[in-house]
Amino acid sequence: MLAALPLPADLALQGLAPGGWTLRRATDDDLSALVALLAEDALAAGRGDTEAAEAFPHYRAAMGAVVADPSNEIVVAVDARDRVGAMLQLTRIPGLARRGATRLLVEAVRVGSAHRSAGLGTAMLRWAMGPAAEATGSALVQLTSDEQRVDAHRFYERLGFVGSHRGFKHAVPSRRSAERQA
C-alpha cells in the first residue's frame, strides 16, 4: 500500500538549491504549484493542462481521487521554503504476469524549468527506482513517455530504463465534447 510508503528525509541534493531539496507527499496546498508544472510543459498544455480558473475544479477532483487511492501517490520535491520544484506520480500495480510481480508506474514527471539539468529529476527517479520500489515490493519500475519527448527518452535511458515496449492510448470522448458536437 503506497499510503504507508516511507519517504526519505531529503534527496541529498544540497548545493543544487539553497537548503537542498526534500521529498514529501503532495497536499491540497500544492495544487496550484502542481498545475503550474503541468501547464509549463508545452505538450501537456496542448492537451488542455492550463492554470485557468475554470480548470481547477477538475484538478481538485483529480487530486482528491489520487489522495484517496492507497495505490497512488503524488510526490513533490520542495526547497527549504517548501516551494515545489518537481513532481511525479507513483502507482503501485499488483499483477499476475512475471509470477505475480508488482509494478511501480511512474507518471507525470515534471521538473520546473528553473531546476532542470541540475540533478533534481535524476534524484527523484533514482529514489523511485530504489527506496520507493523496495518499499512497495515492486519488481519492476515502468513509465511511458510521449514519442515526441526525445530529450526525456535520453534522460530515462541514462537512468537505466529500456525502451522495451510500445504503448498505445485511446482517448475516450468526454460527455462535454459529445454535447458540443451534437
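The values are calculated or read from the model by the stated rules, or taken from the named source; none is laboratory data. On a predicted model such as this, the values are computed, not experimentally measured, just so you know. Glycine also receives a Cβ, built like all others from the backbone with ideal geometry; neighbour counts cover every protein chain displayed.
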Output the qualifying pairs, or none if there are none: Cβ atoms under 7 angstrom, residues six or more apart or on different chains, first residue in segment 34-56 and touching a residue at least 24 places away in the same chain (Cβ under 8 Å), second residue assigned to a loop (DSSP other than H, G, I, E, B) and among the polar types (S, T, N, Q).
Leu43/Gln148
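Being out of contact with any strand residue (DSSP E or B) (no Cβ under 7 Å at 6 or more places or on another chain) and assigned to a helix (DSSP H, G or I) is the filter here; which residues of segment 23-41 pass it?
Hits for segment 23-41 are Asp28, Asp29, Leu31, Ser32, Val35, Ala36, Ala39, Glu40.
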Pairs returned, first residue in segment 128-153 that is closer than 9 Å to Leu104 by Cβ, second residue that is aromatic (Phe, Trp, Tyr), beta-carbon separation under 9 angstrom, 6 or more apart or interchain, are Met129/Phe161; Val141/Phe161; Gln142/Phe161
Among the candidates Ala33, Ala62, Ala52, residue that is out of contact with any helix residue (DSSP H, G or I) (no Cβ under 7 Å at 6 or more places or on another chain), surrounded by fewer than 16 Cβ atoms within 10 Å (Cβ to Cβ) and modelled with pLDDT of 90 or more:
Ala62
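Is at least one residue of segment 24-47 basic (Lys, Arg) and closer than 19 Å to Ala114 by Cβ?
First, the residues of segment 24-47 that are basic (Lys, Arg): 24-25, 47.
Applying the additional criterion that residues be closer than 19 Å to Ala114 by Cβ yields none.
No; the residues of segment 24-47 include none that is basic (Lys, Arg) and closer than 19 Å to Ala114 by Cβ.
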Counting only residues in segment 8-30 that are among the hydrophobic types (A, V, I, L, M, F, W, C) and at pLDDT below 55, the one nearest to the chain's Cα centre (by Cα) is identified as Leu11
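Residues checked against (1) within 23 Å of Arg92 (Cα to Cα); (2) out of contact with any Leu (no Cβ under 9 Å at 6 or more places or on another chain); (3) not small (Gly, Ala, Ser):
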| position | (1), (2), (3) |
| --- | --- |
| Arg24 | yes, no, yes |
| Thr27 | yes, yes, yes |
| Leu43 | no, yes, yes |
| Ala53 | no, yes, no |
| Val66 | yes, yes, yes |
| Asp69 | yes, no, yes |
In segment 110-121, how many residues are part of a helix (DSSP H, G or I) and surrounded by 17 or more Cβ atoms within 10 Å (Cβ to Cβ)?
3
Only one residue in Met124, Met87, Met129 is buried (at least 21 other Cβ atoms within 10 Å of the Cβ), in a helix (DSSP H, G or I) and not small (Gly, Ala, Ser). Which one?
Met124
Which listed residue is of a type outside the set (Ser, Thr, Tyr), assigned to a helix (DSSP H, G or I) and under 24 Å from Ala33 (Cα atoms), from Asp146, Asp151:
Asp151
Name, by its number, the condition in (1) over 20 Å from Thr27 (Cβ atoms); (2) at pLDDT 95 or above that does not hold for Met87.
(1)
Restricting to segment 90-109, name every residue that is under 22 Å from Asp49 (Cα atoms) and either surrounded by fewer than 14 Cβ atoms within 10 Å (Cβ to Cβ) or of a type in the set (Asp, Glu) (or both).
Glu107
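Restricting to segment 63-84, count the residues that are out of contact with any Pro (no Cβ under 9 Å at 6 or more places or on another chain) and either hydrophobic (A, V, I, L, M, F, W, C) or part of a strand (DSSP E or B) (or both).
Here the count works out to 13.
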